[in-house]
Ligand code: ADP
Ligand code: SF4
C-alpha cells in the first residue's frame with residue numbers, strides 16, 4: 001500500500017448506484033480500433049487495465065442500432081443479441097480481475113454516415129452528414145424519436161445481459177444524438193424537443209429515465225456530458241448552459257462523467273495543452289451540484305494531482321483514457337509505492353491516430369498496447385532470459401533504450417553505447433521543439449529504469465565501430481543507430497534529387513534541432529507531410545525568421561488530422577505570420593530563391609529566400625550493421641545481430657519503441673516459432689447460415 005496514506009484516498013471504494021467500484025481509478029470509454037471487429041484483442045486489452053488496478057473499465061462507444069453505423073471505423077456494436085457473446089468476452093475478463101465493466105451506448109446521429117448499413121441518417125434537424133460524403137441526415141419526427149428511445153432501451157437490456165455493470169447515456173464530443181439535440185447549433189426544432197434548454201435536454205432526460213427503468217435495479221446509469229465546448233459564447237459553456245444542464249439533471253444519473261468537447265479539446269495534445277489536468281477548470285463546478293459521484297479526465301498522470309482533486313472535492317473518480325493506455329498498471333504502481341515506474345502519457349495522440357485510421361491501437365510509451373492478445377504481451381512481464389548471458393545495444397534513442405530496458409528486465413548483462421553525450425536520440429531532439437517537451441518522458445522513463453538496474457552499463461560519448469565491438473567481444477548485438485533527414489530533397493514528390501546551385505543554403509531538421517539555424521527569409525519545404533515540418537516552421541517563426549511553408553499537400557501537416565491537431569497547427573502558423581503555399585513542388589534551390597511548380601499544371605514560379613529547410617525523407621544509418629554483417633569469418637562475428645528502430649524502418653517514435661521491444665522479447669526465441677506466429681488474427685468464421 002502507498003506510503004503513509006498519501007494516496008490512500010485513491011483506494012477507497014465508491015458506490016455508483018447499485019454497484020461499487022473497489023477504488024477511484026476509472027478508465028473512461030475510449031476508442032481503440034479493436035471494437036466489434038477484434039473482440040478477443042479488445043477483451044484482453046480491457047482486462048489488462050483491470051489487472052493493473054482500474055476499478056472501472058469501459059468500452060469505446062457502442063453503436064446501438066444499424067442507423068448508427070460508423071463503418072469503416074471499428075467501434076463497439078450492440079445492434080442485436082448476436083453482439084452479446086463478443087461483449088461477454090470483455091465483461092468476463094474485467095470481472096475476473098475484480099473490476100466493473102461499463103458500456104458507452106451511442107447513437108451517433110449525423111456523425112455516422114451509415115455507409116455499411118445504408119440506413120437513413122438521423123439528426124434533430126435536416127443537415128449534412130459529418131463525414132465528407134454527399135449524404136444528408138433527416139430531422140427525426142416523433143415516430144423516429146419514439147423508435148430511438150426503444151432502441152436505446154433494448155440496447156441497455158442487452159448490455160445488462162452481456163454482463164455490464166454500468167450503462168452510459170452519451171452526450172458528448174459533438175458525436176451523438178443526445179448531444180446534437182442539446183446543442184442549439186444542431187437543433188432548430190420548434191416542438192418540445194427544441195428551443196429552450198429544457199426542451200433540448202428532454203431527449204437526454206428521457207434516455208436516462210428509460211435506461212434506469214430498464215436496468216437500473218442492477219446496473220448503474222452513467223451520463224457522459226460535455227459541459228463546455230471551448231468555443232466561448234458561440235458554443236455550450238460551463239459557466240452558462242453547461243451548468244444549467246447539470247443543475248437540471250443533477251440526481252438523475254448514478255454517475256456524472258464530465259468533459260469538454262469536441263474530441264480535439266477533450267484529448268488535447270501536450271503540444272496545445274501542455275498542462276496535465278487541463279480540464280479541471282471547466283468541470284470543477286459539477287460536484288457542487290450533485291450528490292452523485294463525478295469522474296473527469298484531462299491527462300491525469302500525477303498521483304499528487306489525483307489525490308488533491310479527490311481531497312478538494314473536484315472529483316470522486318480519476319478518469320483516464322490516455323494515462324491508462326500509456327500505463328495500464330498506473331493504479332497498481334501508486335498502490336505499491338512504485339510511482340517512479342509509471343510510464344506517463346506524453347500527449348502525442350498516436351493512440352488517437354489509430355482510431356482515425358481504423359487500425360488496432362498503439363501507444364508511444366507502451367509498446368504492448370493492443371498486443372495483449374495478438375502477441376500475448378504483458379506490459380509488466382517479459383520472459384526471463386535463456387542461455388545467453390550478455391547483449392550490446394548500440395544507440396540510445398527510443399529503440400535502443402527500450403531494447404536495453406527489456407533485455408535488462410529479462411536478466412541479461414546489458415551494455416548500452418551511445419555516441420552522443422546524453423541518451424534519447426531523436427526524442428531529445430524533437431522534444432526541444434515548441435510544445436513537444438513532454439515527449440522527453442519517453443527517454444526519461446527508460447533512462448531512469450536503466451539507472452536502477454545492476455545489470456546495465458551505459459556508455460555515453462561512445463560512438464562504436466565494428467572493430468571496437470569486436471574488442472568488446474559481446475556476442476549479441478542490437479544496432480539502433482537511427483536515421484537522419486536527407487539533404488537532397490528526395491521524398492514523396494520527387495524520387496530524384498532536386499537541383500541545387502553551388503551556393504544554395506540548405507538545412508535539414510537535424511540541423512535545426514541541433515541548433516544550426518537558418519536566418520532571414522526561410523522556406524520550409526514539407527514533402528514529409530507528417531508533423532515535423534509544421535513544428536520547425538513554428539520554431540523558426542518564433543525565433544524571428546520570415547517563414548514561408550511550401551508543400552505539395554493541400555494543407556499543412558495533413559497527417560496530423562489523425563492526431564486531432566491539423567487545424568490548430570495551421571491556425572498557429574498563420575497567427576505567427578507564416579506564409580503557406582500548398583500544392584507546390586520544389587524543383588530548384590539557388591542562393592537567393594527557389595523554383596516551385598504547381599502539383600497539377602506544372603506551371604512554375606520563383607520565390608525569393610535566403611535558406612531552405614528540406615523536410616522530405618530520412619536516410620537509415622546502417623553502416624555499422626552492414627560492417628558487422630559482412631565481416632569475414634576470421635573477424636569477430638556476432639551470434640545475434642539485429643537492426644532495430646529507425647535504422648531498420650524510419651517511422652514514428654512509437655514504431656522505434658515497438659521495434660526495440662519486439663527485438664528484446666524475441667531474443668533467444670525459437671526462430672521457427674517467431675516465423676510461424678507473426679501475430680494471432682481474428683478471422684471471420686463461416687457459420688453456414
Ligand atoms: P531510434 O528512433 O531508432 O532509436 P534515433 O535516431 O533516435 O533512432 O537514435 C539513434 C541513436 O544512436 C542516436 O542517439 C545516435 O547518437 C546513436 N548512434 C548512432 N550511431 C552510433 C554508433 N555507431 N555508436 C553509438 N551510438 C550511435
Ligand atoms: Fe499518451 Fe501518446 Fe500513448 Fe496516447 S500514444 S496514450 S497520447 S503516450
- [ ] Would you check if there is a residue in region 372-394 being within 17 Å of the chain's Cα centre (by Cα), in contact (Cβ under 8 Å) with a residue 60 or more places away in the chain, within 16 Å of ligand 1 (Cβ to nearest atom) and surrounded by fewer than 24 Cβ atoms within 10 Å (Cβ to Cβ)?
- [x] no
- [ ] Might you let me know whether region 452-471 holds any residue that is free of Cβ contacts under 8 Å to residues at least 24 places away in the same chain, within 9 Å of ligand 1 (Cβ to nearest atom) and exposed (fewer than 14 other Cβ atoms within 10 Å of the Cβ)?
- [x] yes
- [ ] Consider residue 131 carefully, then state whether it is at pLDDT below 95, part of a loop (DSSP other than H, G, I, E, B) and farther than 26 Å from residue 242 by Cβ.
- [x] yes
Open item on the list: Condition first: within 16 Å of ligand 1 (Cβ to nearest atom), closer than 24 Å to residue 410 by Cα and part of a loop (DSSP other than H, G, I, E, B). Can you find one or more residues in region 472-480 that meet it?
Closed with: yes
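Matching residues to (1) over 20 Å from residue 226 (Cβ atoms); (2) without any contact (Cβ under 8 Å) to a residue 60 or more places away in the chain; (3) crowded, with 18+ Cβ neighbours inside 10 Å:
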{"residue": "133", "(1), (2), (3)": "yes, yes, no"}
{"residue": "140", "(1), (2), (3)": "yes, yes, yes"}
{"residue": "143", "(1), (2), (3)": "yes, yes, no"}
{"residue": "146", "(1), (2), (3)": "yes, yes, no"}
{"residue": "164", "(1), (2), (3)": "yes, no, yes"}
{"residue": "170", "(1), (2), (3)": "no, no, yes"}
{"residue": "178", "(1), (2), (3)": "no, no, yes"}
{"residue": "193", "(1), (2), (3)": "no, no, yes"}
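Out of region 627-658, which residues are within 16 Å of ligand 2 (Cβ to nearest atom) and crowded, with 20+ Cβ neighbours inside 10 Å? Steps first, answer last, please.
Within region 627-658, the first condition is being within 16 Å of ligand 2 (Cβ to nearest atom), and the residues that meet it are 651-658.
If the condition is that a residue be within 16 Å of ligand 2 (Cβ to nearest atom) and crowded, with 20+ Cβ neighbours inside 10 Å, then 653, 654, 655, 656, 657, 658 are the ones that fit.
Considering every residue within region 258-269, establish whether at least one is within 18 Å of residue 442 (Cα to Cα), away from ligand 1 (no atom under 16 Å from the Cβ) and at pLDDT 95 or above.
Filtering region 258-269 for residues within 18 Å of residue 442 (Cα to Cα) gives 269.
Retained after the next criterion (residues that are away from ligand 1 (no atom under 16 Å from the Cβ)): 269.
Right, trim to at pLDDT 95 or above and you get 269.
Yes, region 258-269 has at least one match.
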Open item on the list: Which count do you get for residues in region 500-512 that are at pLDDT below 95 and either assigned to a strand (DSSP E or B) or over 12 Å from residue 592 (Cα atoms) (or both)?
Closed with: 0
Open item on the list: Of everything in region 340-390, what is within 8 Å of ligand 2 (Cβ to nearest atom) and closer than 21 Å to residue 678 by Cβ? Give them in sequence order.
Closed with: 362, 363, 366, 369
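For region 278-329, list the helices (runs of 4 or more DSSP H) that sit wholly inside it and hold at least 1 residues that are in contact (Cβ under 8 Å) with a residue 24 or more places away in the chain, in contact with a helix residue (DSSP H, G or I) (Cβ under 8 Å, 6 or more places away or on another chain) and within 14 Å of ligand 2 (Cβ to nearest atom); which are they? Break it down into steps so the answer makes sense when it comes.
On the way: elements: 280-283, 286-289, 303-311, 322-326.
Output list reads 322-326.
Pick from 462, 451, 437: which is within 21 Å of residue 399 (Cα to Cα), assigned by TED's automatic domain parsing to the domain that holds residue 423 and within 16 Å of ligand 2 (Cβ to nearest atom)?
437
The values are calculated or read from the model by the stated rules, or taken from the named source; none is laboratory data. On a predicted model such as this, the values are computed, not experimentally measured, just so you know. Every residue, glycine among them, receives a Cβ derived from its backbone with ideal geometry; neighbour counts consider all protein chains shown.
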